[in-house]
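The values are calculated or read from the model by the stated rules, or taken from the named source; none is laboratory data. Computed from a predicted structure; not experimentally measured. In this analysis, Cβ positions are derived from the backbone assuming ideal geometry, glycine residues included, and neighbour counts consider all displayed protein chains. Ligands, DNA and RNA are excluded from the accessible area calculation, which covers all protein heavy atoms including side chains. Shrake-Rupley method; radii C 1.70, N 1.55, O 1.52, S 1.80 Å.
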Amino acid sequence: MNHALRRLAACVSALALAAPAFAQPLTAVGAGEGEVNIVAWPGYIERGETMKEFDWVTKFEESTGCIVKVKTANTSDEMVALMNEGGFDLVTASGDASLRLIAGKRVQPINVGLIPSWGTVDDRLKNAPWHTVDGVHYGTPYMWGPNVLMYRTDVFPEPPTSWSVVFEEQTLPDGKSNKGRVQAYDGPIHVADAAQYLMHHKPELGITSPYELNAEQYAAALDLLRVQRTLVSRYWHDAFIQMDDFKNEGVVASGSWPFQVNLLQSEGAPIASTIPVEGATGWADTTMMHVDAPNPNCAYMWMEHSLASNLQSDLSVWFGANPAVPAACTDGRGMQTAEGCTKNGLDDFEKIRFWTTPVSKCPQGECVPYYRWVSDYIGVIGGR
Amino acid sequence: MSAETPAAGGLSEALWRRPGLLLLLLLTPPLLWLGIVYIGSLLALLAQSFFSIDEFSGLVQREFTLKTYRELLTTPSNLDILLRTVSMAAAVTVAAAIIAFPVAYFAARYAKGGWKALFYLGVMLPLWSSYLVKVYAWKLILAKEGILNWAVEGIGLGWLLQAWLSLPILGGNSLSVSYTGTFLVFLYVWLPFMILPMQAALERVPGSLLEASADLGAAPAATFRHVILPLALPGVVAGSIFTFSLTLGDYIIPQIVGSSRLFIGQAVYAHQGTAGNIPLAAAFTVVPVVIMVIYLWLAKRAGAFNAL
């Protein structure tokens with residue numbers, strides 16, 4: 001853990017500028033302050049305004065008197081910026097933002113003893129390294145999901161067993177080449193997917209984590225991505241554009257999110273998804289509390305609510321993600337079912353390597369930092 | 001009387017006696033706005049581009065250096081982005097000028113009454129709808145299984161489209177993932193910005209000059225070359241400034257329609273995010289500014305602003 005801290009300290013010391021000493025966690029939850037301000041991903045906190053049946057806010061407001069105010073953010077950077085600005089109580093931070101927030105001292109340790117439902121949290125997530133540092137918890141797990149391989153069932157009668165369908169030229173089961181018919185994610189983090197593929201197929205490279213690559217491993221991943229460029233007509237960036245490409249552009253396989261898979265299936269498209277033998281990358285979000293949260297009591301009540309109520313169940317249906325509380329799949333508190341959770345990848349936790357920001361310092365000495373991933377991935381897409 | 005002059009009278013008198021003071025009072029707020037909000041932020045941006053990012057820690061080093069510009073101008077993939085964006089902007093501008101001229105000419109010289117209203121409506125109508133909606137609509141039109149492909153197949157010209165799409169740079173798997181598609185959408189979206197200034201310029205060309213040219217024995221082509229074009233040039237240049245600079249800066253269209261190869265705007269967006277490479281993003285932003293300065297200077301030398 002010390003190691004992880006040191007590694008982070010290098011990349012985030014800029015954020016630590018005006019950080020005050022750590023606030024001590026609450027020892028008891030008092031009366032609500034009347035409101036709670038949350039920075040969240042779009043679609044994460046629904047009050048029945050988008051669709052009537054998806055509502056996990058109204059009951060909370062009625063029972064606690066804490067009015068929920070949401071500020072949506074589209075990227076992890078926006079989230080970090082908003083939290084640095086202050087004035088918010090909670091944030092639903094992904095793995096790349098959460099450690100930055102902890103190292104920048106923008107979030108405070110959580111007293112899990114004040115959250116009665118803490119015990120129901122998935123054991124696999126309780127001490128996850130993206131929110132637990134030196135044994136101290138900095139938040140409650142919220143949702144997680146895999147980046148699956150989405151494919152068209154009319155082209156693949158059997159699920160593809162390997163990510164090679166999007167990485168190497170081959171003839172697909174329908175007898176035609178995959179050239180121009182597969183997609184890849186239009187973000188530098190996709191380098192990690194290539195690295196994970198190499199972990200399995202070229203063990204001699206010695207990759208231990210797709211987010212910690214030395215120069216040689218990194219070069220091999222880029223070479224693989226250059227091959228992929230010859231197969232990909234357009235990289236996907238926006239979930240809805242990708243769905244359109246599967247319908248109108250003749251795309252048959254791509255890395256994707258359960259979100260797109262569920263939506264396309266609900267439209268009756270011949271779509272399914274799988275996690276191939278190499279495993280998959282994924283994301284895991286945590287509800288974290290600002291170090292100067294103005295409404296700590298309401299914040300604690302919300303964290304409890306986020307684990308105990310219909311939120312976990314209904315949000316996992318809404319977003320195509322997995323609840324941090326496994327019981328939410330089966331106990332009927334919301335719309336999610338055991339089959340639904342299996343479809344969203346609940347059983348695939350071990351196969352998933354969760355997203356973290358690559359930094360220079362890593363266990364094997366020196367690794368290629370994220371900004372190089374950005375410039376080099378631009379080069380690869382540009383055909384270099 | 002002078003003893004009873006109220007203060008307001010003194011003020012108006014002072015303003016009347018010294019017109020410069022009035023001018024100063026009226027101009028200061030907009031000049032401050034222009035100076036601080038526009039020029040100031042531009043200079044702040046320029047300053048960022050002279051910083052660099054530390055290779056090891058990924059932190060921005062706030063010391064003067066030309067390292068970032070060296071990276072911008074020596075990395076092949078960055079040069080590709082610049083070349084790609086400038087070529088696209090130039091192609092879109094030339095094509096827009098060619099298409100816009102006859103439209104503007106008809107509207108300026110022949111359209112009357114209801115036709116003129118229809119012309120304005122036709123040109124402006126696309127500007128009233130959402131830019132994103134238009135671009136998404138084009139994505140569907142150009143898709144492999146879209147209406148354009150269907151229509152081309154229907155009239156038996158599928159082979160022609162396939163031949164075009166198999167061209168090395170312009171082609172691709174379908175129109176929607178090729179440079180040709182990006183070009184068509186740019187052309188559609190920016191065309192009104194070319195037509196309107198052109199039409200305004202053409203309207204100001206006196207009909208008597210055209211008649212005089214014809215009386216002196218000039219063929220229509222010669223009249224066009226020696227009379228209409230020079231007189232309408234300010235409009236063409238004004239329109240080309242719009243289409244050229246708008247294409248240089250756009251980052252939405254190439255993301256939705258095209259082959260995912262980056263344009264300048266997208267590169268800026270990518271570098272300033274999680275990457276935190278603000279210096280390189282700033283350096284990328286400076287490029288269109290420099291290009292536009294050169295462009296305006298060339299236009300001025302060509303006499304485009306003489307009529308202003």
Quiz item: How many angstrom lie between the C-alpha centres of segment B:212-284 and segment A:325-384?
Solution: 40
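Hey, if we sort B:TYR179, B:TYR269 by accessible area with the 1.4 Å probe, largest down, what's the order? Can you show the working numbers first?
Numbers: B:TYR179 45, B:TYR269 120 Å².
Descending accessible area places them as B:TYR269, B:TYR179.
Could you state, as a whole-number percent, how many of the C-alpha pairs of segment B:150-207 are farther apart than 19 Å? Walk me through the intermediate numbers first.
On the way: 849 of 1653 pairs.
Tail fraction, whole percent: 51.
Over all residues in B:261-268, what is the mean tally of Cβ atoms on other chains that come within 10 Å of each residue's Cβ? Walk me through the intermediate numbers first.
Details: counts 7, 6, 0, 0, 0, 4, 4, 0.
Mean number of neighbouring Cβ atoms from other chains: 3.
Using only atoms on other chains, find how many Cβ atoms lie within 10 Å of each Cβ of peptide A:373-380 and report the average. Before the final figure, lay out each step's value.
Values: counts 2, 10, 11, 2, 4, 12, 7, 1.
Counting Cβ atoms of other protein chains within 10 Å of each residue's Cβ and averaging gives 6.
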Exercise. Please get the size of the charge dipole for the protein assembly as shown, origin at its Cα centre, with Cβ charges of +1 on Lys and Arg and -1 on Asp and Glu, quoted in debye to the nearest 20.
Key: 2320
Self-check item: Calculated over segment A:167-278: convex hull of Cα atoms, volume per residue (Å³)
Solution: 107
Quiz item: Based on the Cα coordinates of the protein assembly as shown, what is the per residue volume of their convex hull in Å³?
Solution: 257
Exercise. Sort chain B into rounded, prolate or oblate with this rule: let a ≥ b ≥ c be the square roots of the eigenvalues of the Cα gyration tensor; rounded if a/c is under 1.5, and if a/c is not under 1.5, prolate when a/b is larger than b/c, oblate otherwise.
Key: oblate
Quiz item: Around B:GLU203, with a cut-off of 11 angstrom between Cβ atoms, what is the net charge of the other residues, counting Lys and Arg +1 and Asp and Glu -1?
Solution: +3
Self-check item: Estimated distance in nm for a label pair at B:LEU132 and B:ARG225, the labels positioned 7 Å out from Cα along Cα-to-Cβ
Solution: 4.9
Quiz item: Given a 1.4 Å probe and the protein chains all in place, what does the accessible area of B:LYS300 round to, in Å² to the nearest 10?
Solution: 130
Quiz item: A:LYS69: which lysines have alpha carbons under 22 Å from its alpha carbon, excluding same-chain residues fewer than 8 sequence positions away?
Solution: A:LYS52, A:LYS59
Quiz item: Which net charge results when you count Lys and Arg as +1 and Asp and Glu as -1 among the other residues whose beta-carbon is under 12 Å from that of B:LYS144?
Solution: -1
Quiz item: Pairs A:LYS247/A:LYS343; A:LYS126/A:LYS343; B:LYS134/B:LYS300; B:LYS112/B:LYS134: which are spaced more than 32 Å apart, C-alpha to C-alpha?
Solution: B:LYS134/B:LYS300
Practice problem: Starting with the highest mean, order B:125-136, B:277-288 by the number of other Cβ atoms within 10 Å, averaged over the residues of each peptide. | Solution: B:277-288, B:125-136
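Over the protein assembly as shown, give the accessible area per residue in Å² for a 1.4 Å probe, as an integer. Walk me through the numbers on the way to the answer.
Values: 31570 Å² over 692 residues.
Ligands and nucleic acids excluded, the result is 46 Å² per residue.
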Quiz prompt | Bins of 10 Å, starting at 0 and running to the largest distance - Cα pair percent for segment A:21-112 | solution = 15, 41, 36, 8, 0
Quiz item: Among B:LEU66, B:PRO76, B:LEU46, whose Cα sits farthest toward the positive end of the charge dipole of segment B:31-87 (+1 at Cβ of Lys/Arg, -1 at Cβ of Asp/Glu, about the Cα centre)?
Solution: B:LEU46
Quiz item: Using a basic spin-label model with each label point 7 Å from the Cα along Cα→Cβ, how many nm lie between A:GLU62 and B:ALA117?
Solution: 5.6
Practice problem: Note the angle between two axes, namely the Cα long axis of helix A:296-308 and the longest principal axis of the Cα atoms of chain A, as a number of degrees from 0 to 90, rounded to the nearest 10. | Solution: 50
Quiz item: What span do the alpha-carbon atoms of chain A cover on each of the three principal axes, reported in whole Å from largest to smallest?
Solution: 66, 48, 31
Quiz item: Pairing the Cα long axis of helix A:190-201 with the longest principal axis of chain A, what angle in degrees results, from 0 to 90 and rounded to the nearest 10?
Solution: 60
Quiz item: How much FRET efficiency would the formula 1/(1 + (r/R0)^6) give for A:LYS179 and A:GLU267, where r is the Cβ-Cβ distance and R0 is 45 Å, rounded to 0.05?
Solution: 0.95
Quiz prompt | Net charge dipole size for chain A [Lys, Arg +1 and Asp, Glu -1 on Cβ; Debye, nearest 20] | solution = 740
Exercise. Would you work out which of B:ALA299, A:GLY139, A:PRO109 lies farthest towards the positive end of the dipole of the protein assembly as shown, given +1 charges on the beta-carbon of Lys and Arg and -1 on that of Asp and Glu, about the Cα centre?
Key: B:ALA299
Exercise. Heads up, I need the accessible area for B:ILE294: 1.4 angstrom probe, whole protein in place, Å², nearest 10.
Key: 90
Quiz item: Where a Cα-Cα gap under 20 Å defines reach, which aspartates and glutamates qualify for B:LYS116, not counting those fewer than 8 residues away within the same chain?
Solution: B:GLU203
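Note down the net charge around B:ALA107, summing +1 for each Lys or Arg and -1 for each Asp or Glu among other residues with Cβ under 12 Å from its Cβ. Walk me through the numbers before you get to the answer.
On the way: positive: B:ARG109, B:LYS112, B:LYS116; negative: B:GLU203.
Summing Lys and Arg as +1 and Asp and Glu as -1 gives +2.
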Quiz item: So what's segment A:228-327 giving for Rg/Rh, alpha carbon basis, Kirkwood Rh from the mean inverse pair distance?
Solution: 1.09
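What average number of partner chain Cβ atoms lie no more than 10 Å from the Cβ of the residues making up A:233-242?
Numbers: counts 10, 14, 5, 1, 4, 3, 0, 1, 5, 0.
Counting Cβ atoms of other protein chains within 10 Å of each residue's Cβ and averaging gives 4.
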Quiz item: What residues of segment A:248-280 lose no less than 10 Å² of accessible area with every protein chain in place versus their chain by itself (probe 1.4 Å, heavy atoms only)?
Solution: A:ASN248, A:GLU249, A:GLY250
